[in-house]
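The next block holds one structure in the form of structure tokens; read it before the comments.
The values are calculated or read from the model by the stated rules, or taken from the named source; none is laboratory data. Since this is a predicted model, take the numbers as computed values, not measurements. Cβ placement follows ideal geometry from the backbone for every residue including glycine, while neighbour counts extend to all protein chains displayed.
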Amino acid sequence: MPTVLSTLMHPQRTPPPPIDVDLARVMGVGTAVWTAALLVTGVLWLTGAIPGRWPCMCAAGAVLGLIGVLWARRNGHLSADGTGAMIRPGRQDVSG
């Protein structure tokens, strides 16, 4: 039987399994936030209140988010049980 000290010094934990989520939905929300920030910073830039690099950063975030949404839709599919979980490619949907 291990001692308390050895258990504290060398804990053995099993990590929980990863959660399957709809990455396209998550990235879509992030893209919408970047797009809203682009609109706000664009107006502020046009009024001269902020430098032009801020809207450029927001545009980059929106474009990268759109690329992420397209990637997530191509590289996974939603489970058939209606939970919104994304099934990784190569994994069978075990729900009935």
Given (1) at pLDDT below 90; (2) in a helix (DSSP H, G or I), number of the condition Gly28 does not satisfy: (1)
Test for Trp34: is it at pLDDT 95 or above, among the hydrophobic types (A, V, I, L, M, F, W, C), surrounded by 12 or more Cβ atoms within 10 Å (Cβ to Cβ) and assigned to a helix (DSSP H, G or I): yes
